[in-house]
Amino acid sequence: MAWTERLTLAEHAARAAGGLLRTRFGHRLDIRSKGLRSNLVTDADTASEDLIRATIAQRFPHDAVLGEEEGQRGSGSARWIIDPLDGTTNFAHGYPCFCVSIAFESDGEVVVGVVYDPMRDELFVAQRGEPARCNGGAMRVSKTAQLRDALLVTGFPPHDDNAVPNLAEFDAFMRRARALRRDGSAALDLCYVAGGRFDGFWEPDLHAWDVAAGALIVEQAGGTVSDYRGDALALEGRRIVASNGLIHSEMIDVLKGSQ
Ligand code: IPD
Ligand code: CA
Ligand code: CA
């Protein structure tokens, strides 16, 4: 089944929400912590989510929507999964690395994924069964065959001051890969793996809205996505590894060894 209408709507909503974020970027923001000190939310996050929800409701009023800021509304086999601003900490500090992530799931399977970076005007798009595209051009993962030649990216989830996750894994990859980066937007990290800018990505403690669109984009660009054991990714499984496929088993070995 083709999901062209949902895909077109997701592209439209992502561009509109991205435009809103671009307009507000660098201006005064209302910044709050939710739960943990390092977990930020701004008025731009909520305005972006409102805009995306309204855009979806106009065209597909019966679809359920899971959004990071408002949670799930509605139920049924058709569900949107949205992160209205992935990279809130960057956004709040004026670091221009953030995006909008919108996925559409049917019968439990993500079939459409769209990620939009408004600062670079890059629209990453995938539909299950078709090649992933960036601004219309086909995307392909890298050909790096060994971890020692790889550029990897990771992220550190909001955490308690006394329990910082991912440090052992970071240390282990630092010793084996060519270099590591930490950019602060999991959805963009995944798209950069899809486009071959990074060879691999891992992160603990992510949510469905962080990964739903980006994971599909990696797969449709020829990459591999799994949990830390190499098994199929569950959207709320929290731990994700994405790679060009060629270095995947080496990455899994490192993760198994550092737990
Ligand atoms: C965060 C970003 C970041 C990742 C965090 C996420 P948010 O999402 O994706 O890269 O390291 O784990 O929570 O809060 O900016 O939507
Ligand atoms: Ca996020
Ligand atoms: Ca967010």
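The values are calculated or read from the model by the stated rules, or taken from the named source; none is laboratory data. Computed from a prediction, not measured in an experiment: that's the story for all the values here. FYI the Cβ positions are ideal-geometry reconstructions off the backbone, even for glycines, and counts take in every protein chain you see. Side chains included, ligands, DNA and RNA excluded: accessible areas come from the protein's heavy atoms. Shrake-Rupley method; radii C 1.70, N 1.55, O 1.52, S 1.80 Å.
For the chain, the C-alpha radius of gyration sits at 0.95 times the compact-globule guess of 2.2 N^0.38 Å, with N the residue count. Modelled label positions at SER38 and ALA54, each set 7 Å beyond Cα in the direction of Cβ, lie 3.5 nm from each other. Exposed loop sites here mean GluC sites (Glu not before Pro) with a DSSP loop assignment and at most 14 other beta-carbon atoms within 10 Å; the chain contains its longest site-free run at 71-235. Normalised per residue, the accessible area of the chain is 44 Å², obtained with a 1.4 Å probe and no contribution from ligands, DNA or RNA.
Each of ARG148 and ASP227 was given a label point 7 Å from its Cα along the Cα-to-Cβ line. The distance between the two points is 3.2 nm.
In this structure, ARG197 and SER77 have a Cβ-Cβ separation that, at R0 = 25 Å, corresponds to a calculated FRET efficiency of about 0.10. When both the stretch 94-162 and the stretch 202-259 are represented by their alpha-carbon centers, they are found 12 Å apart. When the residues LYS143, LYS34 are ordered by accessible surface, computed with a 1.4 Å probe over the protein chains alone, the sequence from largest down reads LYS143, LYS34. Ordered from largest to smallest accessible area (heavy atoms of protein chains, 1.4 Å probe), the residues CYS134, CYS191 come out as CYS134, CYS191.
Multiplying each eigenvalue of the alpha-carbon gyration tensor of the stretch 36-149 by 5 and taking the square root yields semi-axes of 25, 22, 14 Å, largest first, rounded to whole angstroms. Amide H contacts for ARG181 (H built 1.01 Å from N in the peptide plane; partners 5 or more residues away or on another chain; cut-off under 5 Å): LEU152, VAL153, THR154. What shape does the stretch 147-257 take by its C-alpha gyration tensor, where a ≥ b ≥ c are the square roots of the eigenvalues and a/c under 1.5 counts as rounded, a/b above b/c as prolate, and the rest as oblate? Judged from the Cα gyration tensor, the stretch 147-257 comes out rounded (a/c under 1.5). Projected label points at ASP161 and TYR95, each 7 Å from Cα along the beta carbon direction, are separated by 2.0 nanometres.
Each stretch of four or more DSSP H residues adds -39500 (n - 2.57); spread over every residue of the chain, this sum gives -10500 deg cm²/dmol at 222 nm.
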